[in-house]
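**Q** Sharing a structure with you now.
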Amino acid sequence: MSESEKAVLGNPLPAVDDREGDRVPERASFVVDAHVHVFPEGVFSALWKWFDTHAWPVRYRMPARDLLEFLLGRGVGHVVAMQYAHKPGIARELNAFMADLCTSAGNRVTGLAAVFPGEPGAAEILYRAFDAGLAGVKLHAHVQCFNMNGPEIDEIYRVCAEANKPLVIHAGREPKSPAYACDPYEICGAGKIRRVLDAHPGLRLCVPHLGADEFAAYAEMIDTYDNLWLDTAMAVTDYLPMDNPVPVSQLRSDRILYGSDFPNIPYAWDRELKELTAAGLSGDRLEKMLWKNARDFFDIPI
């Protein structure tokens with residue numbers, strides 16, 4: 001049985017005991033990690049238990065403040081922290097947690113708001129989060145099981161566009177797992193995102209993981225749409241049992257953000273940074289991917 005078949009069946013993928021560096025690679029002059037997860041400890045514990053059973057063993061298990069200090073202490077210049085509401089009614093609490101976390105971290109952490117599509121008062125939840133200093137929104141279609149082109153999510157697109165706040169949405173079809181309450185291949189897809197971009201040209205939208213597994217389709221879309229970005233999280237680490245037919249060196253360099261998916265990774269924290277700095281990118285293209293694009297997308301004052 002292939003690793004891809006194992007992943008579809010829900011069996012966890014293996015850990016990787018690769019060596020980690022003490023600092024970001026020398027060629028990385030500055031780094032913004034644009035995809036870092038933070039949750040309250042109880043949520044993290046439940047999430048890691050789910051990963052152990054259905055995904056891969058999480059290598060770095062530490063409270064949110066500790067994981068931010070871990071990255072910043074190793075030369076990451078700025079962190080974009082995100083979380084998502086896995087059910088209605090918890091977004092306000094998560095957003096208060098995030099706002100407090102960002103305040104305690106000073107100006108080196110940008111936090112995103114959580115909301116559950118379709119929950120009562122979703123727009124008000126987001127406007128309050130923005131007033132509290134949160135800089136955008138994170139959604140996860142696999143977990144939240146919403147219709148990408150339905151009215152419950154359209155309200156969130158509208159609020160983000162009107163407030164000029166970026167939206168990060170896990171809209172790629174992979175990784176698929178029977179542990180999800182919905183089939184990602186039914187609710188996700190590049191064509192659905194294309195309709196969102198057409199309907200909301202003022203929305204700044206980022207799809208993580210280079211759009212896995214529809215890499216070629218998303219590579220074409222970032223050439224076409226100026227309101228679409230992709231992040232690299234876990235997609236350039238030679239770990240997931242998928243082939244990426246589009247080398248990062250061939251992607252539109254002003255629309256790619258570096259993101260690690262830390263701490264929910266099964267390998268060294270700097271594995272992806274090493275891959276990117278060794279990818280043969282020019283200094284200008286590398287700087288765009290490692291920090292300049294994230295600065296522009298999230299309006300980070302760097």
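The values are calculated or read from the model by the stated rules, or taken from the named source; none is laboratory data. Only a predicted model underlies this, so the values are computations on that prediction, with no experimental measurement involved. Here Cβ is always computed from backbone atoms with ideal geometry, including for glycine, and neighbour counts include all displayed protein chains.
**Q** Testing E272 on (1) out of contact with any Leu (no Cβ under 7 Å at 6 or more places or on another chain); (2) surrounded by fewer than 18 Cβ atoms within 10 Å (Cβ to Cβ); (3) part of a helix (DSSP H, G or I), one condition comes back false. Which one is that?
**A** (2)
**Q** Return the pair list, or none, for Cβ contacts closer than 7 Å from residues in region 141-169 that are in contact (Cβ under 8 Å) with a residue 60 or more places away in the chain to residues that are of a type in the set (G, A, S), at least 6 apart or on different chains.
**A** P166/G136; V168/G136
**Q** Still on this structure, I have one more. A135 - would you say it is in contact with a Leu (Cβ under 9 Å, 6 or more places away or on another chain), small (G, A, S) and on the phi < 0 side of the Ramachandran plot?
**A** When the stated conditions are applied, A135 passes them.
**Q** Assuming G42 fulfils every condition listed in (1) in contact (Cβ under 8 Å) with a residue 12 or more places away in the chain; (2) more than 27 Å from L290 (Cα to Cα) apart from one, which condition is it?
**A** (1)
**Q** Give region 149-183 a look and list any residue that's in a helix (DSSP H, G or I), of a type outside the set (A, V, I, L, M) and modelled with pLDDT of 95 or more, or say none. Can you show your working first?
**A** Here is the first cut: in region 149-183, the residues in a helix (DSSP H, G or I) are 151-163.
Right, trim to of a type outside the set (A, V, I, L, M) and you get 151-152, 154-155, 157-158, 160, 162.
D154, E155, Y157, R158, C160, E162, listed by residue number.
**Q** Checking I265 against (1) assigned to a loop (DSSP other than H, G, I, E, B); (2) of a type in the set (A, V, I, L, M); (3) in contact with a helix residue (DSSP H, G or I) (Cβ under 7 Å, 6 or more places away or on another chain), only one condition comes out false. Which one?
**A** Just one mismatch for I265, condition (3).
**Q** Quick check on region 96-122: of everything there that is touching a residue at least 40 places away in the same chain (Cβ under 8 Å) and farther than 25 Å from W291 by Cβ, which residue is surrounded by the most Cβ atoms within 10 Å (Cβ to Cβ)?
**A** Per the criteria, the residue is V115.
**Q** Moving on to the next point. Listed residues E93, E20, E69; which is closer than 22 Å to V168 by Cβ, surrounded by fewer than 17 Cβ atoms within 10 Å (Cβ to Cβ) and of a type in the set (D, E)? Spell out the reasoning first.
**A** On the way: E20 fails: closer than 22 Å to V168 by Cβ; E69 fails: closer than 22 Å to V168 by Cβ.
Criteria check complete, one pass: E93.
**Q** Of all residues in region 52-66 being loosely packed, with under 15 Cβ neighbours inside 10 Å and out of contact with any helix residue (DSSP H, G or I) (no Cβ under 8 Å at 6 or more places or on another chain), which is farthest from R295 (Cα to Cα)?
**A** Top of the filtered list is T53.
**Q** Taking the condition buried (at least 23 other Cβ atoms within 10 Å of the Cβ), within 22 Å of Y157 (Cα to Cα) and in contact (Cβ under 8 Å) with a residue 24 or more places away in the chain, does C182 pass? Explain how you work it out, then say what you get.
**A** Values: buried (at least 23 other Cβ atoms within 10 Å of the Cβ): no; within 22 Å of Y157 (Cα to Cα): yes; in contact (Cβ under 8 Å) with a residue 24 or more places away in the chain: yes.
So C182 does not fit the description; no.
**Q** Report yes if R195 is crowded, with 16+ Cβ neighbours inside 10 Å, part of a helix (DSSP H, G or I) and basic (K, R), otherwise no.
**A** Working: crowded, with 16+ Cβ neighbours inside 10 Å: no; part of a helix (DSSP H, G or I): yes; basic (K, R): yes.
Answer is no for this residue.
**Q** For region 243-257, check the following and say yes or no: at least one residue is in a loop (DSSP other than H, G, I, E, B) and among the β-branched types (V, I, T). Full working, then the answer.
**A** Narrowing region 243-257 to residues in a loop (DSSP other than H, G, I, E, B): 243-247, 251-252.
If we keep only those that are among the β-branched types (V, I, T) too, we end up with 246.
So far as region 243-257 goes, yes, one or more of its residues are in a loop (DSSP other than H, G, I, E, B) and among the β-branched types (V, I, T).
**Q** Further question: For region 198-214, give me each residue that is in contact with a strand residue (DSSP E or B) (Cβ under 9 Å, 6 or more places away or on another chain) and surrounded by fewer than 23 Cβ atoms within 10 Å (Cβ to Cβ).
**A** From region 198-214, those in contact with a strand residue (DSSP E or B) (Cβ under 9 Å, 6 or more places away or on another chain) are 203-211; that's our starting set.
The answer is L203, R204, L205.
**Q** Answer yes or no: is there a residue in region 230-241 that is within 28 Å of R59 (Cα to Cα), aromatic (F, W, Y) and not in a loop (DSSP other than H, G, I, E, B).
**A** From region 230-241, those within 28 Å of R59 (Cα to Cα) are 230-241; that's our starting set.
If we keep only those that are aromatic (F, W, Y) too, we end up with 239.
With not in a loop (DSSP other than H, G, I, E, B) added as a condition, the list becomes none.
Taking every residue of region 230-241 in turn, none turns out to be within 28 Å of R59 (Cα to Cα), aromatic (F, W, Y) and not in a loop (DSSP other than H, G, I, E, B).
**Q** Search region 287-302 for residues that are buried (at least 17 other Cβ atoms within 10 Å of the Cβ) and outside any helix (DSSP H, G or I) and pair each with any residue that is of a type outside the set (K, R) and at pLDDT 95 or above when their beta-carbon atoms are under 9 Å apart and the residues are at least 6 apart or on different chains.
**A** Partner pairs satisfying both residue conditions: I300/V32; I300/H78; I300/V80; I300/T110; I300/A135; I300/W291; I300/A294.
**Q** State all residues of region 123-152 that are surrounded by fewer than 22 Cβ atoms within 10 Å (Cβ to Cβ), under 26 Å from Y185 (Cβ atoms) and of a type in the set (A, V, I, L, M, F, W, C); if no residue qualifies, say none.
**A** Those that are surrounded by fewer than 22 Cβ atoms within 10 Å (Cβ to Cβ), under 26 Å from Y185 (Cβ atoms) and of a type in the set (A, V, I, L, M, F, W, C): V143, C145, F146, M148.
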